[in-house]
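What follows is a short report on a single structure.
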């Protein structure tokens, strides 16, 4: 399954006329965007205009990678984004500004996909949902998976009138059309900003079911990630931990999943405000 | 769902950890000056009422607080680990050691 690199923080994706292909030769001008810039401001503040919130870096208004004015629909989100910019030291570490990235993606829509396309992409993850693929050995791992993952699937099936069953094979289980339609309808009820967060959560957790559990607050971000990493954590406990690999990745994903969860909850039910932004 | 004292205690623990994390945002100045700090305190204060009706609001606040805490922790841990394990160019001494050589002793200064 091809995973599109969708949420590239502050990176101008060069789109060819015939599809979303990133050019492999990075032109000299683009390399500027790849380096971390120096911190060029002292004070960060937020201001409200037309019911939306903007970020001020000294006297300058923050803009998105595409040059659009950076505006978010709610104050808590603006405060959190402002804090990201405020916490930068000498260099601006763009990769660590997860909420800013999510907002940029929501505003710019760099891959130019429609809401329906995004929903399709998110739903397709269900075919390869981590929680659905079980091992039958070693038995301790199989038991861990049953004990930790079955309740989540059960909850998901009850809550979303779905019929998901785990498998020990390698072939994706077929999902009932009705289930897919139900879930599609549910995803359609969210606004475009929430979908950006949902897609990010699904990608990071490698599971639509876990992402939904996070959205419904059944689990917190760190727990969701630990559930996603169940097998990996089991192997690591057995064979040893490589700090510069496992821990680094876990820390990054923990931040990513937390940012996605926070972002989603901060833009849920703000559909009216968000619609005003695009009109 | 009844408002339980345990949930209240956890909320306070999360708050304490959050304030600790916020100290790293602008080391040197008090976290109390940060917008984020003021916003979080405001949220916590307005959810102090212990009644069944606002239980859901408290659950939502706690979930947001936990999420923000793990966000800040994740960022800081990631950066710390990156710093620790990032590569650097070998010193002259290390390069020499690779092939079993040692740097000659430099003469003593008078």
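The values are calculated or read from the model by the stated rules, or taken from the named source; none is laboratory data. Model, not experiment: these values are computed from the prediction. When we count neighbours, we look across all protein chains shown, and the Cβ atoms used for this are built from the backbone with ideal geometry, even at glycine.
List of remarks:
- Each residue in the range A:95-114 was checked for being closer than 19 Å to residue B:74 by Cα and out of contact with any helix residue (DSSP H, G or I) (no Cβ under 7 Å at 6 or more places or on another chain), and 2 pass.
- Those residues of the range A:70-93 which are more than 10 Å from chain B (Cβ to nearest Cβ), surrounded by 11 or more Cβ atoms within 10 Å (Cβ to Cβ) and more than 22 Å from the chain's Cα centre (by Cα), in sequence order: A:91
- Counting only residues that are surrounded by 15 or more Cβ atoms within 10 Å (Cβ to Cβ), under 25 Å from the mean Cα position of the chain (by Cα), touching a residue at least 12 places away in the same chain (Cβ under 8 Å) and not in a loop (DSSP other than H, G, I, E, B), the range A:144-179 holds 7 of them.
- Among the residues examined, residue A:211 does not qualify as over 14 Å from the mean Cα position of the chain (by Cα) and in a helix (DSSP H, G or I).
- In the range A:217-249, the qualifying residues are those that are within 8 Å of chain B (Cβ to nearest Cβ), closer than 28 Å to residue A:78 by Cα and part of a helix (DSSP H, G or I), and the one that is nearest to the chain's Cα centre (by Cα) is A:221.
- Those residues of the range A:250-267 which are over 13 Å from residue B:80 (Cα atoms) and within 7 Å of chain B (Cβ to nearest Cβ), in sequence order: A:254, A:255, A:258, A:259, A:261, A:262, A:265
Yes or no, residue by residue, for (1) in a loop (DSSP other than H, G, I, E, B); (2) within 14 Å of chain A (Cβ to nearest Cβ):
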position: B:64; (1), (2): no, yes
position: B:69; (1), (2): no, yes
position: B:73; (1), (2): no, yes
position: B:81; (1), (2): no, yes
position: B:87; (1), (2): yes, yes
position: B:94; (1), (2): no, no
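- Lone unmet requirement of (1) modelled with pLDDT of 85 or more; (2) outside any helix (DSSP H, G or I); (3) over 24 Å from residue A:87 (Cα atoms); (4) within 14 Å of chain A (Cβ to nearest Cβ) for residue B:24: (3)
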